[in-house]
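Working notes, structure below.
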Amino acid sequence: MLLLPILCAAAVATGGCDRLPGTASPKTAFNAEAAMGYVKTQLDFGPRVPGTAGHRRTGDWIVAEMKKRTDSVIVQSWTHVTARGDTLPLRNIFARFNPSATQRVLYVTHWDTRPTADEDLNFGNRQLPIPGANDGAAGVALLMALGDVFKTTPPSMGVDLLFVDGEDWGDFGLYNDSNPRPDVLIGSTYFALHLPEPGYKPIFGVLWDMIGDADLQIYQEEYSVSAAPEVVTRVWQAAADLGYGKHFIRETWGPITDDHVPLIRKAGMRVIDVIDIQYGKMGSNSGPGDYPDASNNYHHTLKDTIDKVSAKSLQIVGDVAVTLVK
Ligand SMILES: [Zn+2]
């Protein structure tokens, strides 16, 4: 046992140990290098804005890849007409492991990307679509690499991987339960109202969003804490047990309007949001409860590129996600 680190250190010196500098030592079979490859594939498709070729090709790719990992893939396709009159072709992709199991866990991420970089400090960039390396691609990469793990080692319970569309199209400020067309969280709302089977109710669910940030600090989100405190405890305890307490911080940041909200409110699911809302380093004048500091925030800007995402962060979150369903 004691020899192992020494042998690995020697192997690093000769390039034989397969971990890159700065990567977390994996605690599970989750392969963060493969996940980084899935991030890059999506960026190569271009922005995944509904109605564009990049969006269509990425959706086709997710469907094809998930069919390789499991033979139960349900695609929900529909068109959404926005308040402004745009017609968006949308798809939710629902891939199931161990579909006959009654005890099920739901993992969710969004696969579309925001059409406009409206938080960019450069006003000239604000009409351009974001690359979405972290806000979109990282979550998809996480779920796809989880698919690799579960294909080789089936989880002890049923696991459903849900890729929702149309999360990031519109104005989050307009979201409330009575607005019929806020044009955000469109796919998760559609799923909550069109469940894949009658009475579908996972024992718990986790939404994974913006979890690739190289500066990974995940605080507890307020809607999650009030709707499903036992799920928050379960996830943060799993992270602590793996030695990742530095990244999963037991403090509440504030409420975040995200895809878990319609699943909680419209379908009564116990789903929490695992999100690193401070994308980039925490500024001296930002902290839990504040809106992220604009000066160092890549959220909804053209700076949401692959160099801001790290294999280490994907490994940490991947290990937690695998451990929760072992
Ligand atoms: Zn976003």
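Roughly speaking, what is the centre-to-centre gap between region 49-118 and region 142-178 when only Cα atoms are used, to the nearest Å? Between the Cα centre of region 49-118 and that of region 142-178, the gap is 9 Å. Residues in region 57-66 carry Karplus couplings, in order, of 5, 5, x, 4, 5, 4, 4, 5, 5, 6 Hz; the curve used is 6.51 cos²θ - 1.76 cosθ + 1.60 with θ = phi - 60°, and Gly or Pro positions show x. Can you give the charge dipole size of the chain about its Cα centre, rounded to the nearest 20 debye, using +1 on the beta carbon of Lys and Arg and -1 on the beta carbon of Asp and Glu? In debye, rounded to 20, the chain gives about 880.
Taking 7 Å steps out from each Cα toward its Cβ at residue 251 and residue 100 produces label points 4.9 nm apart. Applying the Karplus relation 6.51 cos²θ - 1.76 cosθ + 1.60 with θ = phi - 60° to region 29-38 yields 3J(HN,Hα) values of 7, 4, 10, 5, 5, 4, 4, 4, x, 5 Hz, where x marks Gly and Pro. Using a cutoff of 8 angstrom between alpha carbon atoms and counting only pairs six or more residues apart, the relative contact order for the chain works out to 23 percent. Amide H contacts of residue 72: 96, each under 5 Å away and 5 or more positions distant or on a separate chain (H built 1.01 Å from N in the peptide plane; Pro and chain starts excluded).
Within the chain, the percentage of alpha carbon pairs spaced more than 35 angstrom apart rounds to 16%.
For region 110-207, the set of chymotrypsin sites (Phe, Trp or Tyr not before Pro) satisfying both a DSSP loop assignment and a count of at most 15 other C-beta atoms within 10 Å is given as 200. Within the accessible area of the chain, the carbon and sulfur atoms contribute 56%, probe 1.4 Å, all protein chains present. Averaged per residue, the chain has 42 square angstrom of accessible surface, using a 1.4 angstrom probe with ligands and nucleic acids left out.
Helical content alone sets the calculated 222 nm signal of the chain at -10000 deg cm²/dmol, taking -39,500 (n - 2.57) per DSSP H segment of four or more residues and averaging over every residue.
Taking amide H positions as modeled 1.01 Å from N, with prolines and chain starts lacking one, the residues under 5 Å from residue 299 and 5 or more places away or on another chain are 279. Residue 319 sits among other residues whose Cβ lies under 13 Å from its own Cβ, and their net charge, with Lys and Arg +1 and Asp and Glu -1, is +2.
The values are calculated or read from the model by the stated rules, or taken from the named source; none is laboratory data. Bear in mind the structure is a predicted one, so any value in this text is a computation, not a measurement. Neighbour counts run over all protein chains shown; Cβ positions are idealised from the backbone, glycine included. Quick note on the areas: whole protein, heavy atoms, side chains included, nothing else; ligands and nucleic acids left out. Shrake-Rupley method; radii C 1.70, N 1.55, O 1.52, S 1.80 Å.
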